[in-house]
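Report on one structure; see the data block that follows.
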Amino acid sequence: MARPRKFDTEAAIDAAMNTFWTKGYTATSTDDLAESTGMLRGSLYNAFGGKRQLFELALRRYREGGGAGANPVRGDRPPLERIRRLLLTGVDQASADHRGCLAVNTVTELAICEPELAELARQAFIPLEASLTTAIEAGRLSGEIRADRAPQVLARQVMAGFHGLLLQAKAGFEPESLHATVDAIVEDLRP
């Protein structure tokens, strides 16, 4: 008779996600994962199949909101305020913990050597782009956001700025300078 598992699978995936997020895929060892999950190496392999499989689960968890948190682009506030809040929240968090965005980190680390994992990470951008596009469309209707560019183009422009800001925050740029860049991104959306 098989012994029952003595660990919480969801908690183990969350712990692994945070370890990968902090250290990166390549720098994370099986020992790091065993320590963060509280599992033995053999148990990790039995439960998840290995580091790569566990990373896939962690990326899926992140993509589903387990790491990215609530999407501040959604809500009742005016669209520009929601977009500004997204940018500032990301900058402040990345400035505090220097982790940036797991999806961006994964794409930049693994795009060439692990294209399947990079593609899985890239899928985390899709809901953000959709939320930004919706907010921009609403802002255009209210006259708050410029109408001379397609909403999806503006959404991708904001995303490019956002992900660049997260990389700069992770690299230790001063939060004040990053906040000024947030203001410039938001100002560029105005009519």
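Here is how the numbers come out for the structure above:
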| read-out | value |
| --- | --- |
| Test: residue in the stretch 174-181 that is among the aliphatic types (A, V, I, L, M), assigned to a helix (DSSP H, G or I) and open to solvent by 30 Å² or more (accessible area, probe 1.4 Å) | yes |
| Qualifying positions in the stretch 105-135 - farther than 21 Å from N18 by Cβ and assigned to a helix (DSSP H, G or I) | P115, E116, E119, I126, E129, A130, S131, L132, T133, T134, A135 |
| Answer from V158, V107, V91, V186 - the residue that is among the aliphatic types (A, V, I, L, M) and closer than 20 Å to A58 by Cα | V107 |
| Number of the condition not met by V153 [criteria: (1) modelled with pLDDT of 95 or more; (2) farther than 25 Å from A180 by Cα; (3) hydrophobic (A, V, I, L, M, F, W, C); (4) open to solvent by 10 Å² or more (accessible area, probe 1.4 Å)] | (2) |
| All positions within the stretch 20-34 that are open to solvent by 20 Å² or more (accessible area, probe 1.4 Å) and in a helix (DSSP H, G or I) | W21, T22, K23, T30, D31, D32 |
| Some residue of the stretch 47-56 being modelled with pLDDT under 95, in contact with a Phe, Trp or Tyr (Cβ under 7 Å, 6 or more places away or on another chain), open to solvent by less than 70 Å² (accessible area, probe 1.4 Å) and not charged (D, E, K, R) | no |
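The values are calculated or read from the model by the stated rules, or taken from the named source; none is laboratory data. All values derive from a computational prediction rather than experimental measurement. So basically every Cβ, Gly included, is an ideal-geometry build from the backbone, and we count neighbours across all protein chains shown. Side chains included, ligands, DNA and RNA excluded: accessible areas come from the protein's heavy atoms. Shrake-Rupley method; radii C 1.70, N 1.55, O 1.52, S 1.80 Å.
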